[in-house]
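Structure record follows, encoded as structure tokens.
The values are calculated or read from the model by the stated rules, or taken from the named source; none is laboratory data. Computed from a predicted model, the values in this text were never measured in an experiment. Here Cβ is always computed from backbone atoms with ideal geometry, including for glycine, and neighbour counts include all displayed protein chains.
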Amino acid sequence: MRAASSLQGVLFDWDGTLLDSHHADTQAYLEMFRALGIDWGVQELMRHYSPDWHRVYRAARLPRARWEEADRLWERFYRQQKPALLPGARSVVRALARRFTLGLVTSGSRARVHRQLRRFGFLELFAARVCSEDSPRRKPHPAPLLLALAGWAWRRMFVSMSATRRRTWRWRAAPVSARSPCRAPGPRPSGCVRRARMQCCPPSASCRAC
């Protein structure tokens with residue numbers, strides 16, 4: 001109870017954590033591959049899947065000159081899909097929003113994710129929203145999560161992400177060792193410091209705290 005009462009914020013992933021997007025994502029990729037003349041199916045996609053879709057392009061040996069074309073095709077095919085929220089996601093998010101500051105960290109594009117958030121009435125529930133355009137590095141790199149933390153004086157927080165993301169990287173929160181200025185919204189109290197840090201462990205690492 002003591003640990004739970006000191007929790008201040010919750011960071012969510014979007015695809016596969018709150019949004020049941022696996023089928024929509026997969027179908028958009030498969031149709032994109034067909035349009036590009038790439039002989040890939042579900043097995044190849046699952047073998048090389050990454051939240052950073054440029055890694056998928058590289059694995060499929062797609063020339064960099066065609067990446068923008070691939071992006072447009074994927075978006076076009078994805079728009080034909082209507083993924084729903086995962087069971088219980090709406091009630092969980094609304095219940096947590098009454099008690100904690102919520103953030104969203106996703107590899108999805110801002111236009112697509114914000115469109116879906118508005119559709120489900122979630123947009124204003126997330127005080128921090130980090131999308132693919134907001135960070136120079138995409139997950140599984142920790143930069144997007146650190147960016148979400150940077151604007152909030154969170155001492156204790158919880159990260160929720162899909163099983164796919166957890167298999168790629170495992171995340172844990174830890175007290176910061178070096179103080180840095182607080183950048184929380186509103187007036188800054190005297191001596192306020194940001195006391196949150198995100199550390200990452202590759203799947204092979206032995207990390208009892210994860």
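Miscellaneous remarks
- Restricting the search to helices (runs of 4 or more DSSP H) fully inside segment 27-115 and requiring at least 3 residues that are over 19 Å from the mean Cα position of the chain (by Cα) and surrounded by 15 or more Cβ atoms within 10 Å (Cβ to Cβ) gives 67-78.
- Considering the conditions (1) modelled with pLDDT of 95 or more; (2) over 20 Å from Gly108 (Cα atoms), Leu7 is excluded by exactly one of them, (1).
- Residues in segment 121-131 that are within 24 Å of Leu7 (Cβ to Cβ) and surrounded by 14 or more Cβ atoms within 10 Å (Cβ to Cβ): Phe122, Leu123, Leu125, Phe126, Ala127, Ala128, Arg129, Val130.
- Thr17 passes every criterion in (1) in a loop (DSSP other than H, G, I, E, B); (2) surrounded by 17 or more Cβ atoms within 10 Å (Cβ to Cβ); (3) over 21 Å from the mean Cα position of the chain (by Cα) apart from (3).
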